[in-house]
1. Please pick out the residue among 323, 270 that is out of contact with any strand residue (DSSP E or B) (no Cβ under 6 Å at 6 or more places or on another chain) and surrounded by 14 or more Cβ atoms within 10 Å (Cβ to Cβ).
2. For the stretch 268-278, which positions are in contact with a helix residue (DSSP H, G or I) (Cβ under 7 Å, 6 or more places away or on another chain) and either in a helix (DSSP H, G or I) or in contact (Cβ under 8 Å) with a residue 24 or more places away in the chain (or both)?
3. Which ones in the stretch 300-319 are touching a helix residue (DSSP H, G or I) at 6+ places or on another chain (Cβ under 7 Å) and within 16 Å of ligand 2 (Cβ to nearest atom)?
4. Of everything in the stretch 237-254, what is more than 16 Å from ligand 2 (Cβ to nearest atom) and in a loop (DSSP other than H, G, I, E, B)? Give them in sequence order.
5. Wholly within the stretch 354-446, which helices (runs of 4 or more DSSP H) include no fewer than the required count, namely at least 3 residues that are within 16 Å of ligand 1 (Cβ to nearest atom), at pLDDT below 95 and surrounded by fewer than 24 Cβ atoms within 10 Å (Cβ to Cβ)?
6. Select from the stretch 163-210 the residues that are near ligand 2 (Cβ under 10 Å from one of its atoms) and more than 18 Å from residue 129 (Cβ to Cβ) and list them in ascending order.
7. Report every pair of residues separated by at least 6 positions or lying on different chains whose Cβ atoms are under 7 Å apart, first residue within the stretch 146-166 and over 22 Å from residue 384 (Cα atoms), second in a strand (DSSP E or B) and within 14 Å of ligand 2 (Cβ to nearest atom).
Ligand code: NDP
Ligand code: 2IT
């Protein structure tokens, strides 16, 4: 490791003990930024890197709620307000039993640079709870969301901090939380994004992350004169991001052969076409069932307890969770001819996997660039709420597409190496950093 990165990381580890995901996210960024900052000493003197690695505010709270048996349950609630240099805090809420401070800080840290890359005026934040929506009734989810918002509403606002969805938080949860915020604060404002269409949501927000990750992959393919036509694509996850990534790949002429959930993956060599995708959406969004049921229905293979990366493909789209693709799996992907990885999830590839992508010079779009379409359309939802107008599907999709092209161009500007290879990791980290750093310099030691 570069000794300057080593020294910096020793401080981060000392100050944030036992937060391994946070260390991982910061280290990846530090490896890109420290050499850049050496060449631009104004950022060094102002300690911008040290400052962006420290949240502006961390809010931790108790979330009590009553289950269907009448018993009191207690969960932890969090909101990390990471950086507001270029706009109000913005980022999703995750409800999953694994949620802890380390995971939310890594996500909030990534969000700062991601939001900057979108070109829209949004700072970075993230929040959530260790609440597990799986196996809960709608009423239990509602009571949990109301209790969560009863505390969170004291800290957020349409010009302060605007949460949205992430793992375990979709349209249903956003609806319950919006209703509770409005009731307590007595104001109808765009304090959350990912809302239903009837009450201020933007068209294309549900599609945005998955579509965006595929648009980004398409831009990467174009640099090699290639396209999605005829490509075999493996997707992990079967939630919001995975579903709409699959839809867009189909529209662009590729074939998605896997989707997964935390229990295993299905391999459908004939491709998950529009009809089968509609089945996945109903299974996951309405019935809240397991992906194994797909294999039973369509008579294909189900691999219990496994991840899809052993399946031969041209393009891999990890769309489930962090560290879901390790060194061994990256080796297998590359050996099988995969040459594009576009991350719908946040930090799905381990550092060792990323090292292999770069070594083999494959087209690798890291999450903070490739999955920025979701928060970008959240930004567009905020604009529409401020205007008290709503744009058409076509208008929002066209803006999303342009933003993904612009993020690709930013990565090229900051990440192109002397032999023409685009290092999208450096490109995204430096490209996202510059706007935040300039704003922080202008605003003084805050
Ligand atoms: P969903 O809750 O809709 O879906 C999550 C999917 O990932 C499910 O299939 C779930 O399986 C699987 N999954 C979750 N946790 C694990 C785990 N620990 N191990 C294996 N599989 C897991 O979430 P989203 O689709 O919204 O989010 C997916 C990823 O995309 C996350 O990394 C998120 O941070 C990122 N992201 C989301 C954005 C958005 O707009 N929603 C924007 C940008 C990034 P199961 O059902 O079994 O839990
Ligand atoms: O990780 C992410 O970018 C999100 N979960 C979306 C955040 C948002 O505010 O739309």
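The values are calculated or read from the model by the stated rules, or taken from the named source; none is laboratory data. Predicted model only: the values in this text are computed from it and were never measured. Glycine gets a Cβ as well: all are built from the backbone with ideal geometry, and neighbour counts include every protein chain shown.
1. Just one listed residue meets the conditions, 323.
2. 268, 272, 274, 276, 277
3. 317, 319
4. Listed by number, the residues that qualify are 238, 252, 253, 254.
5. Of the helices (runs of 4 or more DSSP H) lying wholly inside the stretch 354-446, none has at least 3 residues that are within 16 Å of ligand 1 (Cβ to nearest atom), at pLDDT below 95 and surrounded by fewer than 24 Cβ atoms within 10 Å (Cβ to Cβ).
6. 193, 205, 208, 209, listed by residue number.
7. 152/79; 155/79; 155/161
Matching residues to (1) out of contact with any helix residue (DSSP H, G or I) (no Cβ under 8 Å at 6 or more places or on another chain); (2) within 16 Å of ligand 2 (Cβ to nearest atom):
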position: 71; (1), (2): yes, no
position: 100; (1), (2): yes, no
position: 103; (1), (2): no, yes
position: 131; (1), (2): no, no
